[in-house]
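Asks: If you scroll down you'll find the structure; I have some questions about it.
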Amino acid sequence: MTPSNRLAKEKMRLFEALAAYANIGDTPAEWKRFRLMYADFFPQELGQWMYEGAEEWHSLPEAVRRYLPPLLWYRNRLRSVWASTDQHGYSLAILLGFEREAEKIAADHRGEIGYEGLLSRALSVPGRTLADLSDGRVKGLPQGNAVINGVTGQIQWEFGCTLQQAIYELMQERWRTKICPQCGKFFVAMKTAQKLCSVRCSDETKRGRALTWWNDKGIERRAKTKKRKQAKRKERKPR
């Protein structure tokens, strides 16, 4: 395998992990499965805190689950970016670790970021630990660093966890971020014209279109055809 092929394969693995996180549900079984498949998706200490927080949240009665745990809060930020509803870049800034920029965006666009986003940031900042409070700063995911290639002079970004690196890479190919209209799944498109996530959804869409056509036009055409055949039989009937 050539180096370029290896890089392409690794990039797709990053994208698949990101899509899996966007599609993760609200149950411990799904969290456990995701964690086993993508153990390095979050920094170890932060990941442990996020999964434990989600477990504690799930053990509470639904009536007292006032706010989402960080695991699901970050997932929703990712969904916002994926669905292109992150109008001012707030969710993207949060995911890439640019906390100060995110705070400024929230302050400049109060009332536009969304109830869940502002409330969560104000009362229970995902990623913040007791140690982080000592310097008075808000901290979440690790912030990226600019890296200069001494040979080519190219400037790239490197991030502290798989989640962030995957998002950064995917933003360079944003056309890949699709939501399947058939099943609602977040998926990574392989071609620009791809609209459905799988062969199964493609087949179901075709069946649905066929059924819709039949309900709209087919029954009527069948009735007309039947009527014409009956008329012809009457014409052929000897007198």
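Throughout, read-outs are computed from the coordinates displayed, never taken from laboratory work. Because the structure is predicted, anything quoted here is derived from the model rather than measured. Neighbour counts are summed over all protein chains in view; Cβ atoms, including those assigned to glycine, are modelled from backbone coordinates with ideal geometry.
Asks: FRET efficiency for residue 56 and residue 36, Cβ-Cβ distance as r, R0 = 35 Å, nearest 0.05?
Replies: Numbers: r = 20 Å, r/R0 = 0.57.
In this case the efficiency is close to 0.95.
Asks: Using a Förster distance of 45 angstrom, determine the FRET efficiency expected from the C-beta separation of residue 151 and residue 207, and round it to 0.05. Walk me through the numbers on the way to the answer.
Replies: Values: r = 55 Å, r/R0 = 1.22.
FRET efficiency, residue 151 to residue 207: 0.25.
Asks: Here's something else I'd like to know. Here is the link list: 9/178; 11/178; 104/185; 32/195; 11/191. Which ones come out longer than 21 Å on Cα distance?
Replies: On the way: 9/178 19 Å; 11/178 17 Å; 104/185 32 Å; 32/195 30 Å; 11/191 15 Å.
Over 21 Å Cα-Cα: 104/185; 32/195.
Asks: Sticking with this structure for a sec: I need the per residue convex hull volume for region 14-69, using only the alpha carbons, in cubic angstrom as a whole number. Walk me through the numbers on the way to the answer.
Replies: On the way: hull volume 4.4 nm³, N = 56.
So the per-residue Cα hull volume is 79 Å³.
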